[in-house]
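**Student:** The structure under discussion is supplied below as structure tokens; questions concerning it will follow.
The values are calculated or read from the model by the stated rules, or taken from the named source; none is laboratory data. Source: prediction; values computed, not measured. All Cβ positions, even for glycine, are placed from backbone atoms using ideal geometry, and neighbour counts span all protein chains on display. Ligands, DNA and RNA are stripped out before the accessible areas are found, and what is left, the full protein with its side chains, is counted by its heavy atoms. Shrake-Rupley method; radii C 1.70, N 1.55, O 1.52, S 1.80 Å.
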Amino acid sequence: VGGIILQPLLASQWAMRWWIIPTVCEALFAVGGLAVYRHFQERAEKHKIAERRRYQGVLLQASEGMTLIRSLDHLLSLIVHLLTMRVRVKHAAIYLWDEKSKRFLPRAARHWKVKEPPTFAGQDPLIEGIRWIKGPLVTEELHLQARGGHTRLHPVVHALKSLDAAVLIPNFMEAQNSVKPGRCLGFLILGDKLSGDLYATEDLQVFQTLANQAALGIENARFYDELQRTQADLYETKKLVDMGRMAGGMSHQVNNRFHAISVMAEVVKKALEELGDPAALDSAKLKEWWARGLETFGKIWTNALRGGDIAKKLIKYGKPSSLEFKPIPITVKEIATIAYELSEGRIDFALIDWTPTIPDGLPSILGELYPLGDSISNLITNSFDA
């Protein structure tokens, strides 16, 4: 176009050879344009490779620390967060095997738009496909294979599309770490990349490494959770044994309170019977009996409160402990008081030289009152037994 527009000017200078100039310019632009295109294409490819290496490095680094995370929910949330934020996929989800329901259930997801995620039994086609493929399931690749004649893949592809999964990464527990070799703990679901790029082989290798490390982390988190529950059960069992011992000592104290109440009530009853008609008494005598009656009822009230306190100790001590740690500000004096009250039902302090001394002005601490009091009580009881 430029040559046609400039033809009169070029013809005046070059006569019949005017066409040489636009032809040479077109050749230069064609060669130069191709070189510029290749230059920017190479830069774009290098940028993609650098970005891919960066998030792969982040995922590999994160996978090394997964076995240190004790909370299963926190671990799963971390995985889907890393995949969506670092790899920049549209969505990510995690399925785990649930032993109670005997199905794979969705446990964590981010940006996943599947409203009612399906669950899968161990014999479902998708799970069977995971077992015999034993590697990442790329939906598009399996779709092409299914169209090429692999009819066995049709239900697998259908299940992947129902999950809106571009890639599915299974996590297997290896034989040396499991009683059931090669069992599938669950799988990761990844949507398409936000950039529109395809998943490279290196991506799938990194994801598989991440899944394997996640499998170890999941097993560790489950083991830690089970250990906590076992410890809680043992603690509750110990508390029941201790309550039996405490009940023996405290029953004597409660019986003493009831005996004192019954004796004082009997004294008041007999005194009132011997008193006769109150109207016949002079005011001084009436005031004397009135004062003695108030004093006696005060003692009855005090012993009743003391008996109630003893019962409350047993009730508080017998409450099931929560697995969740809920610290509150407490003082050393409060802990020592609880420890003394708990120990009262186990040992006879009259048999030992017991002088508790707690300095004033000690700072408060964050903790749980009754477990700490129980720990100190155990030290007191063990010292008495020794």
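**Student:** Using a 1.4 Å probe and counting only protein heavy atoms, arrange Met264, Met85 so the residue with the most accessible area comes first.
**Tutor:** Ranked list, largest accessible area first: Met85, Met264.
**Student:** At a 1.4 Å probe radius, which order do Asp192, Asp385, Asp203 fall into by accessible area, largest first?
**Tutor:** Listed by decreasing accessible area, they come as Asp385, Asp192, Asp203.
**Student:** Can you work out the PRE-style zone for Arg88? Point 7 Å along Cα to Cβ, and I want the residues of the range 184-214 with backbone N under 12 Å.
**Tutor:** 193-197
**Student:** While we're looking at this one, here's another question. What nm value, rounded to one decimal, do you get for the distance between Glu288 and Leu351 when each label is placed 7 Å out toward the C-beta?
**Tutor:** Result: 4.6 nm between the two label points.
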